[in-house]
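Q: Structure in C-alpha cells, see below.
Nothing in this text is a laboratory measurement; each read-out follows from the coordinates by a stated rule. Predicted model only: the values in this text are computed from it and were never measured. Ideal geometry is used to build each Cβ from the backbone, glycine not excepted, and the neighbour counts take in all protein chains shown.
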Amino acid sequence: MRVGVLISGTGTNLQAIIEHTKDPTCCVEIAIVISNKTGVEGLKKATRAGIPTRVIDHKLYGSRSEFDSTVDQVLQEFAVEMVCLAGFMRILSGPFVKKWNGKLLNIHPSLLPSFKGVNAHKQVLQAGVRVTGCSVHFVAEEIDAGAIIVQKVVPVLVGDSEESLCERVKEAEHVAYPAALHLVASGAIRLGEDGKICWKEQK
Ligand SMILES: Nc1nc2ccc(CNc3ccc(C(=O)NCCCC(=O)O)cc3)cc2c(=O)[nH]1
Ligand SMILES: N[C@@H]1O[C@H](COP(=O)(O)O)[C@@H](O)[C@H]1O
C-alpha cells in the first residue's frame, strides 16, 4: 500500500515508519513525504531514505482549503492510498478529512481522549497523572477525536519535565505508529460506518 507522510518537524515518527517499511514482509511503501515547513530535519530523513519530498508552505496560500487541495493534488500525483500525519501541525479542513476518511491516521502524545491539543505533555504534568502514553487514531474533523487504533502506556516519573516526558513517549510512538499502520494497511482494522473501529472478522 502506497503511503504519504505529512510532517512539520524532526520526523522521528517518519523515521520509525521508514524502518518498518524496510521489513520485506511489510505491505507498506512510503511514496511521498510532504512538509508544510522548509528545511526541517524530517525532510533530510526522507531524502536519506531515497523518498521523494515536497514542501507546501501554508504561508503561501490564501486559505486553508487552497493549501489542503494542493496537498491533496500532490498525494494524487504520487498515487497515495493512505496518509499518515507525523508531527504535522496544521489543522486539515473538512473536505480533505472527508475525502480521506478511514485512510488518514495521526499520532497524538497522550492517552486520548485525555489531554487533546498541542501541549499534551504540559497538561499531563499539570494534571499530576501517573501514566501517560500515545494514541494513533483515524483523523476526524473534530481535532484529536477520531477512532483510536493503537495506544501505548508510558509511566510519568518523579521529576519529569515536558522534555523528559516527550522523549519517553516518543519511544512508545515509534512502536505504536508502525503497528497501527500495519493493522490498517493489512485490512485487519478499518473505520466502520459508525465512525468506530471495525476489526475484520476472524473465520
Ligand atoms: N481536522 C483535523 N485536522 C487535524 C490536523 C492535524 C492533527 C494533528 N494534531 C494537531 C492538533 C492540534 C493542532 C493545532 O491546534 N495547531 C495550532 C493551529 C495551527 C493551524 O492553524 O492549523 C495541530 C495539529 C490532527 C487533526 C485532526 O484531528 N482533525
Ligand atoms: N504528533 C506529535 O508530534 C510529535 C512529532 O514528532 P516527530 O515525529 O516529528 O519527531 C510527536 O510527539 C507526536 O506525538
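Q: Of a type in the set (A, V, I, L, M, F, W, C), surrounded by fewer than 19 Cβ atoms within 10 Å (Cβ to Cβ) and under 17 Å from residue 178 (Cα atoms): which single residue out of 49, 16, 31 fits that description? Give the derivation first.
A: Details: 16 fails: surrounded by fewer than 19 Cβ atoms within 10 Å (Cβ to Cβ); 31 fails: surrounded by fewer than 19 Cβ atoms within 10 Å (Cβ to Cβ).
Answer to the selection: 49.
Q: Within the stretch 1-98, considering only helices (runs of 4 or more DSSP H) that don't extend past its boundaries, which have at least 1 residues that are away from ligand 2 (no atom under 16 Å from the Cβ)? Steps first, please.
A: Values: elements: 12-21, 41-48, 64-77.
In the stretch 1-98, 64-77 are the helices (runs of 4 or more DSSP H) which contain 1 or more residues that are away from ligand 2 (no atom under 16 Å from the Cβ).
Q: Residue by residue through the stretch 78-94, note down the ones that are under 24 Å from residue 187 (Cα atoms) and either of a type outside the set (Gly, Ala, Ser) or touching a Phe, Trp or Tyr at 6+ places or on another chain (Cβ under 8 Å) (or both). Let's see the steps before the verdict.
A: First, pick out the residues of the stretch 78-94 that are under 24 Å from residue 187 (Cα atoms): 78-86.
Across the stretch 78-94, the qualifying residues are 78, 80, 81, 82, 83, 84, 85, 86.
Q: Out of the stretch 66-100, which residues are more than 15 Å from residue 140 (Cβ to Cβ), small (Gly, Ala, Ser) and either in contact (Cβ under 8 Å) with a residue 60 or more places away in the chain or near ligand 1 (Cβ under 10 Å from one of its atoms) (or both)?
A: Once the filter is applied, which keeps residues that are more than 15 Å from residue 140 (Cβ to Cβ), small (Gly, Ala, Ser) and either in contact (Cβ under 8 Å) with a residue 60 or more places away in the chain or near ligand 1 (Cβ under 10 Å from one of its atoms) (or both), the stretch 66-100 yields 79, 86, 87.
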